[in-house]
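**Student:** Please read through the structure below; I'll follow up with questions.
The values are calculated or read from the model by the stated rules, or taken from the named source; none is laboratory data. Only a predicted model underlies this, so the values are computations on that prediction, with no experimental measurement involved. Here the Cβ positions follow ideal geometry from the backbone for every residue, glycine too, while neighbour counts run over all protein chains shown. Side chains included, ligands, DNA and RNA excluded: accessible areas come from the protein's heavy atoms. Shrake-Rupley method; radii C 1.70, N 1.55, O 1.52, S 1.80 Å.
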Amino acid sequence: MSKKILLYALLCLLPSIGHARTPMPKIIKFVVITGENINLRKAPNATSPRLLVEYNEAYTYIWENQKHDKNMVSPRKAQMAEVFPVVAETNDWIQILVKDGGNYIHTPYIMKRFTKDVKTVPITDGLMANTVYHARKGGKYNGIYWYYDLMNSMYFFLKAEDNVLKTYATIELCLEKDSSTKRINVSKNENNWITMKYGNSVSNNDEFEEAVDLNKLTDDEFGTIMRLASVYDTPIRNTVFCIINGNISECNY
């Protein structure tokens, strides 16, 4: 087994090993950071342990008072223009939601004076038409969005809920254009990697976009891809569109 495949297998196991996942708390609003290098604290006071980044394959977060190698950590600080969901607030502090590289949820505190409330923008097909996301139109999977990471041959499938675009499934594909394939042919190779051969009838003919236009697939063909996708109980990526300084910005958390 190659090092790349072994690493990919280990990363896929991350949600099921280590500490248990924290359920997603209710989000009450979103804020944008207005300062630089702001500490994130375990409790709403300036002497509470800070949130740290522990550098490993997936970069995980730990609290400053947890056992760690000082040479392998650095503070996880909030930076100017970062946007965070808020799950609780007091007069001087707000509790925000962050996720680390292992997709584990943490809810540190930050001083309210370093933040500003922002307005979220409803997610519509019109808004999404100006982004990298594409909408499935009609049929059984109507309302699902997707985008294709060309560099890593990854499809990300998303759903819009409460003005938040939630990534709930991914699939890694080896794409092969094959003129002898009428539409698509999905299979697994000897290393258990998923290969999709596709013909001209489902190609979008744009080398800078996804090789396959998923809106050209039937529900059965689209469903074949979805059944192979890795589905997560906690989204691996959330996106909100916020109005910041009069402009619509895409904000990931």
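**Student:** Quote the charge dipole size of the range 93-155 about the Cα centre in Debye, to the nearest 20; the model charges only the Cβ of Lys and Arg (+1) and of Asp and Glu (-1). Don't skip to the end; give the middle numbers.
**Tutor:** Working: 8 positive and 4 negative charges, 45 e Å.
Charge dipole, the range 93-155, about its Cα centre: 220 debye, nearest 20.
**Student:** Hey, what's the range 74-146 come to in accessible area per residue, 1.4 Å probe, Å²? Numbers along the way, then the final one.
**Tutor:** Details: 3380 Å² over 73 residues.
I get 46 Å² per residue for this part.
**Student:** Here's a follow-up. What distance in nm separates the simple spin-label points at Asn185 and Gln66, each placed 7 Å from Cα in the Cβ direction?
**Tutor:** Distance between label points: 4.8 nm.
**Student:** Angle check, please: helix 219-228 long axis (alpha carbons) against the longest principal axis of the chain (alpha carbons), in degrees 0 to 90, nearest 10.
**Tutor:** 50 degrees
**Student:** Tell me, what is the 1.4 Å probe accessible area of Met111, in Å² to the nearest 10?
**Tutor:** Approximately 60 Å² of Met111 is accessible to the 1.4 Å probe.
**Student:** Give the range of the longest stretch in the chain that excludes all trypsin sites (Lys or Arg not before Pro) found in loop regions by DSSP and having at most 16 other beta-carbon atoms within 10 Å.
**Tutor:** On the way: sites that count: Arg21, Lys26, Lys67, Lys137, Lys140, Lys182, Arg183.
In the chain, the maximal stretch lacking such sites is 184-253.
**Student:** What do you get for the angle between helix 3-13 and the principal long axis of the chain? Use alpha-carbon atoms, 0 to 90 degrees, nearest ten.
**Tutor:** Taking the Cα atoms of the chain, the angle to 3-13 is about 60 degrees.
**Student:** Okay, next question. Mind checking which of Val212, Asn163, Tyr148 is farthest towards the positive end of the chain's charge dipole, using Cβ charges of +1 (Lys, Arg) and -1 (Asp, Glu) about the Cα centre?
**Tutor:** Asn163
**Student:** Now a separate question. Express in Å², to the nearest 10, the accessible area of Val118 obtained by rolling a 1.4 Å probe over the protein heavy atoms while all chains stay in place.
**Tutor:** Surface accessible to solvent at Val118 totals approximately 20 Å².
**Student:** Pick from Phe84, Phe157, Phe222: which residue has the top mean-square fluctuation in a GNM of the chain where Cα pairs under 10 Å get a spring?
**Tutor:** Largest GNM mean-square fluctuation: Phe222.
**Student:** Assign unit charges at the C-beta atoms only (+1 for Lys and Arg, -1 for Asp and Glu), then state the dipole size of the chain relative to its Cα centre in Debye, rounded to the nearest 20.
**Tutor:** On the way: 30 positive and 28 negative charges, 135 e Å.
Taking the Cα centre of the chain as origin, the dipole is about 640 debye.
**Student:** Given the Cα-Cα distance of Ser249 and Asn56 and 0.36 nm per residue of separation, how much length would full extension add, in nm? Intermediate values should be presented prior to the final figure.
**Tutor:** On the way: separation 193, 0.36 × 193 = 69.48 nm, distance 3.03 nm.
Value of the extension gain: 66.4 nm.
**Student:** Measuring from label point to label point, each 7 Å out along Cα→Cβ, what is the Glu176 to Trp193 span in nm?
**Tutor:** Spacing of the two 7 Å Cα→Cβ label points: 1.1 nm.
**Student:** Then there's this: Once label points are set 7 Å from the Cα along Cα→Cβ at both Lys26 and Arg113, what is their separation, rounded to one decimal in nm?
**Tutor:** It is 3.1 nm.
**Student:** For the pairs Lys188/Lys216; Lys29/Lys140; Lys26/Lys116; Lys166/Lys216, flag any whose C-alpha to C-alpha distance is greater than 26 Å. Don't jump to the answer; show the numbers that get you there.
**Tutor:** Details: Lys188/Lys216 22 Å; Lys29/Lys140 32 Å; Lys26/Lys116 19 Å; Lys166/Lys216 23 Å.
Exceeds cut-off: Lys29/Lys140.
**Student:** A follow-up question, please. Could you order the peptides 60-66, 86-92 from most to least packed, using the average number of other C-beta atoms within 10 Å per residue? Display every interim value, and only then the final one.
**Tutor:** Working: 60-66: 16.0, 86-92: 13.9.
Averaged packing, sorted descending, gives the order 60-66, 86-92.
**Student:** Excluding residues on the same chain fewer than 8 positions from Lys42, give the lysines whose Cα lies under 17 Å from its Cα.
**Tutor:** Lys67, Lys77, Lys99, Lys112
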